[in-house]
Amino acid sequence: MRDGIYIVDGDGHVMDFPHRCYQKYLPEEYRRRIAFFPGAQWDRRQAPNGDMGRDPDTPQEMLADLAQEGIDLAFLYPTSALRIGEIREADYQAALCRAYNDFMADWCKAAPDRLKGVAIVADPFFWPIYEEAERLGVPVGMHASGSETGDPYRFSNFLAVHTWTHAPEQMISVISCVYGGLFEKFKRLRIGFMESGAGWVPFFMEHMDGEFEKRPWDAPLCKAKPSEYVTCGRAYFSCEPEEKTIPYVLGWVGEDHIIYASDYPHWDSEWPHTVDELMGREDIEPRVKAKILGQNALRFYDLKAPATK
């Protein structure tokens, strides 16, 4: 709790590396694979002066790090398993999902009031999942891995690949959700677009409206302009605390739909200074900071802050 604000990290991560997760939780027939996920071409954490980011080996180590940052509640997405969509073998994909979800259930048992694991699913026909999520009141989070978009072989280093990937992946997700009719078909479904910042959103709202105006027949399930779905109250976007464009974005998507994200413990997180960065900004009202730092994430994930003592 900082200045009376219950701090919620809407997009944190667990390091689901093989020795910690898949070698222990996968069925025996899958444990001896040379690689559990495809395409790990870059050592993201390596730097000339040592490793970047954090690699908590236990929930207790993670909780200590969260306490240092001042985070009261963290929603945890995977790291390795962000590539689950690239697995072609259906049975193996399902086994990976079960292994990861079991691992996360055990991880979060250490502090269920402070650690919330985001489940991953394997299903080539996603609409039944969206339907069930809507029925349960559970949100859906779109999250890329930071290296899969387009043709990464055109770049010769990870800096270039990582710079390119996250925002385009979320643009693809918004296109799929809006043009594909998810917001129209599932009237109560909440969808979050994670780890790409938010500065691109106003440009893309305008861009989609212009494209849709010329070819509406290509998106027959859309009954309104794309920007109206983005601002329908069920689309949420995580932000980087240092983004200068946050006040501008708030004017486009509304102050109730931007979520603070630390990206802890990844190499490019600004831990343990992300909360301080956002708290110290003078271009965002304290009332709005409280929404971004906690209230919006609680609404998205359908949870309530604990009663203050």
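Entry remark, the stretch 179-224: residues being farther than 29 Å from Asp263 by Cα and not in a loop (DSSP other than H, G, I, E, B) number 11 in total. For the stretch 87-138, enumerate the residues that are basic (Lys, Arg) and closer than 20 Å to Arg20 by Cβ. Listed by number, the residues that qualify are Arg98, Lys109, Arg114, Lys116. Only helices (runs of 4 or more DSSP H) whose full extent lies in the stretch 1-108 are considered here, and the ones with at least 2 residues that are closer than 29 Å to Pro241 by Cβ are 59-69, 90-108. Total residues in the stretch 238-269 satisfying the condition of being over 16 Å from Arg281 (Cα atoms) and either open to solvent by 60 Å² or more (accessible area, probe 1.4 Å) or without any contact (Cβ under 8 Å) to a residue 60 or more places away in the chain (or both): the figure is 6.
Of the numbered criteria (1) closer than 20 Å to Glu270 by Cβ; (2) modelled with pLDDT of 95 or more, the one Thr79 fails is (2). Being in contact with a Ser or Thr (Cβ under 7 Å, 6 or more places away or on another chain), under 22 Å from Val8 (Cβ atoms) and aliphatic (A, V, I, L, M) narrows it down to one of Val201, Val249, Val253, so name that one. Of Val201, Val249, Val253, the one residue that is in contact with a Ser or Thr (Cβ under 7 Å, 6 or more places away or on another chain), under 22 Å from Val8 (Cβ atoms) and aliphatic (A, V, I, L, M) is Val253. Look at (1) farther than 22 Å from His257 by Cβ; (2) at pLDDT 95 or above; (3) open to solvent by 30 Å² or more (accessible area, probe 1.4 Å); (4) not aliphatic (A, V, I, L, M) and you find that Phe125 fails only one, number (2).
Each residue in the stretch 226-237 was checked for being more than 21 Å from Arg215 (Cβ to Cβ) and open to solvent by 20 Å² or more (accessible area, probe 1.4 Å), and 4 of them qualify. Does the stretch 100-111 contain any residue that is at pLDDT below 90 and over 20 Å from the mean Cα position of the chain (by Cα)? The answer is no, given that none of the residues of the stretch 100-111 is at pLDDT below 90 and over 20 Å from the mean Cα position of the chain (by Cα). Mind checking whether some residue in the stretch 201-211 is crowded, with 19+ Cβ neighbours inside 10 Å and within 26 Å of Ile71 (Cβ to Cβ)? There is at least one residue in the stretch 201-211 that is crowded, with 19+ Cβ neighbours inside 10 Å and within 26 Å of Ile71 (Cβ to Cβ).
The values are calculated or read from the model by the stated rules, or taken from the named source; none is laboratory data. Quick caveat, the model's predicted, so the values are computed rather than measured. Please note: Cβ atoms are built from the backbone with ideal geometry, for glycine as well, and neighbour counts cover all protein chains shown. Side chains included, ligands, DNA and RNA excluded: accessible areas come from the protein's heavy atoms. Shrake-Rupley method; radii C 1.70, N 1.55, O 1.52, S 1.80 Å.
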